[in-house]
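Structure first, commentary second.
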Amino acid sequence: MVDGILLIDKPRGITSYDVIRRLKPLFEKKQKIGHAGTLDPFATGLMIIMLGKATKLFDDFQKKSKFYKVVAEFGYETDTYDITGKKVYESKKDIGKEELKKVLGNFTGEIFQKPPVFSAKRVNGKRAYDLARKKQEVNLASKKVNVYSLELEDFDFPRFELKVECSSGTYIRSLVVDIARELGAFATSTELCRERIGEYSLDDAVNIDAVNLKKDVRSFHL
């Protein structure tokens with residue numbers, strides 16, 4: 001049995017639970033294992049895997065700031081709010097760099113945000129994305145989140161790149177959609193990477209297929 005944490009660099013195209021499933025064969029059957037925050041299949045980046053007694057740290061990790069880089073483009077919005085979905089709206093409005101920078105202040109601090117219908121949120125015990133895929137109506141309540149910082153890193157219309165520091169529970173895909181709508185346009189995320197969780201960095205994470213338990217499991221403090 002192992003107690004500690006693993007920093008994993010999640011690849012695109014798999015769920016957070018897929019990461020757990022691929023790690024389980026490395027441990028005994030009774031090994032406790034979990035993760036400290038979901039990443040969309042579309043997203044890449046840092047996942048903190050909790051092992052044994054470290055699973056008690058879940059609430060502590062939820063309190064830590066999350067740092068993301070998101071690349072998006074104006075001109076359309078999809079049903080999933082990212083490029084894996086179907087286009088549902090299109091716009092031809094040109095957006096200028098200064099125009100975009102001006103509205104970012106409206107999305108910092110405490111804001112109310114509605115999660116995407118294609119998300120892991122539970123509705124009556126079922127995942128919202130399962131209901132959405134079955135074309136069932138999904139009503140998700142807006143939730144208060146905190147965006148600590150929001151910076152425009154690059155702009156080449158229609159493409160733009162943002163750096164975001166935020167609280168747990170913030171949906172970056174929704175943030176991109178809401179920013180575009182504020183400008184009277186539409187946008188969708190094309191790349192999303194979680195670069196840090198508190199003091200833990202993606203730079204120190206390992207590939208899921210190259211885990212060495214003796215070297216990569218880190219100690220923790222309860």
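The values are calculated or read from the model by the stated rules, or taken from the named source; none is laboratory data. In this text, all values refer to a predicted model and were calculated from it rather than measured experimentally. Note that each Cβ is placed from the backbone with ideal geometry, even for glycine, and that neighbours are counted across all protein chains shown.
Figure legend. Inter-residue proximity from region 63-91: first residues in contact (Cβ under 8 Å) with a residue 12 or more places away in the chain and in the same structural domain as residue 193 (by TED's automatic domain parsing), second residues of a type in the set (Phe, Trp, Tyr) and part of a loop (DSSP other than H, G, I, E, B), beta-carbon distance below 6 Å, spacing 6+ or different chains. Indicated pairs: 76/186; 77/186; 80/118; 82/42; 84/42; 89/186; 91/186. Within this structure, residue 30 passes the test of being farther than 23 Å from residue 198 by Cβ and more than 15 Å from the chain's Cα centre (by Cα). Candidates 38, 44, 80: the one that is on the phi < 0 side of the Ramachandran plot and out of contact with any Asp or Glu (no Cβ under 9 Å at 6 or more places or on another chain) is 38. Screening region 38-121 for strands (runs of 3 or more DSSP E) wholly inside it with 2 or more residues that are out of contact with any Cys (no Cβ under 8 Å at 6 or more places or on another chain) and surrounded by fewer than 17 Cβ atoms within 10 Å (Cβ to Cβ) returns the ranges 87-90, 109-113.
Please report, ordered by residue number, the strands (runs of 3 or more DSSP E) entirely within region 138-222 with at least 2 residues that are within 15 Å of residue 100 (Cβ to Cβ) and hydrophobic (A, V, I, L, M, F, W, C).
Numbers: elements: 143-156, 159-166, 187-197.
So the answer is 143-156, 159-166.
A Cβ distance below 9 Å, combined with a sequence gap of six or more or placement on separate chains, defines the contacts here; from region 45-61, residues that are free of Cβ contacts under 8 Å to residues at least 24 places away in the same chain reach no residue that is in a helix (DSSP H, G or I) and surrounded by fewer than 22 Cβ atoms within 10 Å (Cβ to Cβ).
Among the residues of region 10-24, the ones that are under 13 Å from the mean Cα position of the chain (by Cα) and assigned to a helix (DSSP H, G or I) come to 1 in all. Taking region 83-103 as the range and being within 22 Å of residue 149 (Cβ to Cβ) and at pLDDT below 95 as the test, no residue passes.
The residue that is farthest from residue 5 (Cα to Cα), among those in region 33-44 that are in contact (Cβ under 8 Å) with a residue 24 or more places away in the chain and in contact with a Lys or Arg (Cβ under 8 Å, 6 or more places away or on another chain), is 42.
Given the structure, is residue 138 surrounded by 15 or more Cβ atoms within 10 Å (Cβ to Cβ), more than 23 Å from residue 71 (Cβ to Cβ), in contact with a helix residue (DSSP H, G or I) (Cβ under 8 Å, 6 or more places away or on another chain) and modelled with pLDDT under 80? Taking the combined requirement at face value, the residue satisfies it.
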